[in-house]
């Protein structure tokens, strides 16, 4: 944010090479594999591959589940971030570390862990099934659960960072003027950290969109119900790499378009304010 | 507002990029051909250094038996280390055609082996065992599954392997032969993942190999069904033509085909090939 302003004022030419060289190398490292996909893409058969019903099904499912998972993460993650940033309670740093476990846990293990808790013989799942007849594995709701599990920490970390950096005096002023804690949160805190929330939501959505391991383990793989784009890509890779490349390109284009437009509209505008 | 966090968030990738940068400089300085992506030349140039290592790519269903045979091979070839890459045969075949440095490929279906022989990366393969499907059910068999026909009941949750992988192809064949239509709750990416769903009790039944049922050590029960005889998978094995381990590759294939190899494999539930 501040860095943006500086580069705008002094121009790229003044950037010291000690930073510029690794920056460009880093960019090449991240972008070249994408170029590889573009080079190898089967352009001649692209239109018919793109319009195959299973591709559209997988794309629709991916966009839907990633969006719902982000909504769930916002609903639960923002209050959690607030709790971690604003309320001091014993063992807070331990809780903070536990919350970020899905970041380091291999997603496949996360999927097994979800099965052990929410599966039909799981600690909670058993009870869900007998009491309400709800069974999460192998359903679209299960995909959302797996994606939210893996992606929510990105949102929590981002929002908590924003909350800790925010100026407490605004909240204190509102409180001294008689606002309740809920009103302060709603009318002062949330608008104050909105850019952090948006940035976290974008990260969370992107992570959910690309989720593979926890999804295939917890929700399985069934076309139209739990087969998201990454799962379709993985299985296509087994027999038909060209098809896998096409599917990956679709996922890439969709995410780049959405993330680029979001960044311009929300993130930079928000952080400039 | 990110400042306090962003200091760390920025520092970590920057340090990593610097590390990568210096590593790249180092290798390009010492070897100008380092950027060449031609796998064969890379494999050939590293052959002398890795001649004491044998790399075997084998189908996931061979995990237990080949690990045992690998130990036997190391015992009879002092100084040689055998490393394995177990996974879905289709994935392994893709990796080999993309230049993965492997010495031996043992596949769970002739179709996946064909990917490798078509690319002239292996000589003529030999069928060394055959594997039969079984219905795997949790020990308490909650859905009371007794035959293939029971899997068509919509109340029975079934897991099948995806059709792209050998166990899925075999399952489809067996169901086609029986004239049955089963709608599973999931198409799993390989046979071990399918088995796990039964072990955890998340599905009532799955079609997996008999050997996988045996290797689960009682965590699932296996039920034979007559149509399995018409969907038997042949397992081909071949030494790869660009084997970095040289003659060791054929020696490992010979071990698998020997009486000792047969004993290990049939004990695990495989049927002998001939």
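What does the convex hull of the Cα atoms of region A:107-206 come to per residue, in Å³, rounded to a whole number? The partial results should precede the final answer.
Numbers: hull volume 13.4 nm³, N = 100.
In region A:107-206, the Cα hull volume divided by residue count equals 134 Å³.
Taking a ≥ b ≥ c as the square roots of the eigenvalues of the alpha-carbon gyration tensor, region B:133-230 is classed rounded because a/c is under 1.5. Over chain A, the pair-distance histogram of Cα-Cα distances with 5 Å bins from zero comes to 1, 5, 10, 12, 14, 15, 13, 11, 9, 5, 2, 1, 0, 0 percent, rounded to whole numbers. What the pair-distance distribution of the protein assembly as shown shows, using all Cα-Cα distances binned every 20 Å from zero, is 18, 45, 31, 6, 0 percent.
If you take the beta carbon distance between residue B:124 and residue A:256 as r and set R0 to 35 Å, what does 1/(1 + (r/R0)^6) give as a FRET efficiency, to the nearest 0.05?
On the way: r = 47 Å, r/R0 = 1.34.
Step by step, r from the Cβ atoms, then E = 0.15.
Its Kirkwood hydrodynamic radius, worked out from the mean inverse distance over all distinct Cα pairs, puts region A:147-273 at 17.1 Å. Remark: spin-label model distance residue B:262-residue A:29 equals 5.4 nm, labels positioned 7 Å along the Cα→Cβ axis. Shown here is the pair-distance distribution of region B:207-263: with all Cα-Cα distances grouped in 5 Å bins from zero up to the longest one, the shares run 4, 14, 16, 15, 16, 14, 11, 7, 3 percent. Distance between the modelled labels on residue B:53 and residue B:146, one decimal in nanometres: 5.4 nm (7 Å Cα→Cβ projection). Oblate is the label for region A:15-131, because the ratio a/c of its alpha-carbon gyration tensor axes (a ≥ b ≥ c) is 1.5 or higher and a/b is not greater than b/c.
Take the Cβ atoms of residue A:67 and residue B:232, set R0 to 41 Å, and the FRET efficiency comes out at 0.35.
Suppose R0 equals 22 Å; then what is the FRET efficiency for residue B:199 and residue A:126 from their Cβ-Cβ distance, rounded to the nearest 0.05?
The value I calculate is 0.85.
Over the protein assembly as shown, what is the percentage of antiparallel beta bridges among all DSSP beta bridges, to the nearest 5? Before the final figure, lay out each step's value.
On the way: 18 of 33 bridges.
Percentage antiparallel, nearest 5: 55.
Extension gain residue A:186-residue A:100, at 0.36 nm per residue separation less the Cα-Cα distance, in nm?
Difference between extended and current length: 28.4 nm.
Between residue A:60 and residue A:242, the contour length at 0.36 nm per residue exceeds the alpha carbon distance by 63.4 nm. Calculated mean residue ellipticity, 222 nm, the protein assembly as shown: -18500 deg cm²/dmol, from DSSP H runs (n ≥ 4) at -39500 (n - 2.57) each, averaged per residue and rounded to 500.
Rule-based calculations on the coordinates, nothing more; no lab input. All of these numbers come straight from a predicted model, not from anything done at the bench. FYI the Cβ positions are ideal-geometry reconstructions off the backbone, even for glycines, and counts take in every protein chain you see.
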